[in-house]
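Peer 1: Before I ask anything, let me first share the structure, which is written out below as structure tokens.
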Amino acid sequence: PEWRVLLAPFLQRGTGWQAVAWPGRRRVGRHVSPFAKADLRDPKLQRQLTKFMPDADFEDPVTIATIRAIRLPFRTLDQLRELGLATYRQAPALQLPTLVIQGKEDAIVSPAGTRRLIGRFASPPVYHELPADHQLLDPESTAWPEVERLLHDFARRILSD
């Protein structure tokens, strides 16, 4: 049987003024530097970054400068935004059993945006909001045992039908 799982499904770039200002961003450049002014001493941010840079030394000035120099092209973010909009447009036609899991404290994908998306589905998905941030698949996250349980339960239910 076919089914799908959406974990913090991306719908839009930013909220409020960010979404309104998005079309004019090309006037300020071709990329964004997400860590240029970030507090790289923040332990939570360091944990996130070490998933991608396991050997990062946050005391080393060269490492700090390298992280601050990371740039994401707007073109890449545009493609992600287009994917989210395509999903939103196609949602009314989706009729496969679907599980959606969203973190209540997600600063990247808002729970309100996810609820708006699933409200468009032809068949209502199974929806869970967990006390978690965006890192739903992180085995070190306190939410991981619940995410894992929800995934197993949903798969068992679909496969037994």
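The values are calculated or read from the model by the stated rules, or taken from the named source; none is laboratory data. Remember, predicted model here, so these are calculated numbers, not experimental data. Here the Cβ is made from the backbone with ideal geometry for all residues, glycine too, and neighbour counts use every protein chain on show. The area values use the complete protein model at the heavy-atom level, side chains included, leaving out ligands, DNA and RNA. Shrake-Rupley method; radii C 1.70, N 1.55, O 1.52, S 1.80 Å.
Peer 1: L159: of a type in the set (A, V, I, L, M), open to solvent by less than 80 Å² (accessible area, probe 1.4 Å) and more than 14 Å from the chain's Cα centre (by Cα), yes or no?
Peer 2: It is false that L159 is of a type in the set (A, V, I, L, M), open to solvent by less than 80 Å² (accessible area, probe 1.4 Å) and more than 14 Å from the chain's Cα centre (by Cα).
Peer 1: While we're looking at this one, here's another question. Between L72, L80, L85, which is more than 14 Å from the chain's Cα centre (by Cα) and within 30 Å of T50 (Cβ to Cβ)?
Peer 2: L72
Peer 1: For V32, state whether it is modelled with pLDDT under 90 and open to solvent by 40 Å² or more (accessible area, probe 1.4 Å).
Peer 2: yes
Peer 1: State which residue is farthest from the chain's Cα centre (by Cα) when the search covers only the range 59-69 and only residues that are among the aliphatic types (A, V, I, L, M) and surrounded by 10 or more Cβ atoms within 10 Å (Cβ to Cβ).
Peer 2: Checked the range 59-69; the qualifying residue farthest from the chain's Cα centre (by Cα) is I64.
Peer 1: So, one more: Restricting to the range 118-161, count the residues that are assigned to a helix (DSSP H, G or I) and touching a strand residue (DSSP E or B) at 6+ places or on another chain (Cβ under 8 Å).
Peer 2: Within the range 118-161, residues that are assigned to a helix (DSSP H, G or I) and touching a strand residue (DSSP E or B) at 6+ places or on another chain (Cβ under 8 Å) number 6.
Peer 1: Right, another one. Counting just the residues of the range 96-126 that are closer than 26 Å to L77 by Cβ and open to solvent by 60 Å² or more (accessible area, probe 1.4 Å), which one comes out nearest to the chain's Cα centre (by Cα)?
Peer 2: So, considering only residues that are closer than 26 Å to L77 by Cβ and open to solvent by 60 Å² or more (accessible area, probe 1.4 Å), the one nearest to the chain's Cα centre (by Cα) is I108.
Peer 1: For the range 58-72, name all the residues that are closer than 22 Å to Q135 by Cα and either free of Cβ contacts under 8 Å to residues at least 12 places away in the same chain or of a type in the set (D, E) (or both).
Peer 2: none
Peer 1: May I ask you to list the residues in the range 76-115 that are under 14 Å from F10 (Cβ atoms), outside any helix (DSSP H, G or I) and modelled with pLDDT under 85?
Peer 2: Hits for the range 76-115 are A107, I108.
Peer 1: Can I ask one more? Output the residues belonging to the range 28-53 that are over 14 Å from R71 (Cα atoms) and touching a helix residue (DSSP H, G or I) at 6+ places or on another chain (Cβ under 8 Å).
Peer 2: Listed by number, the residues that qualify are D39, L40, L49, M53.
Peer 1: A follow-up question, please. Output the number of residues of the range 67-98 satisfying the condition of being under 30 Å from D153 (Cα atoms) and of a type in the set (D, E, K, R).
Peer 2: The total comes to 1.
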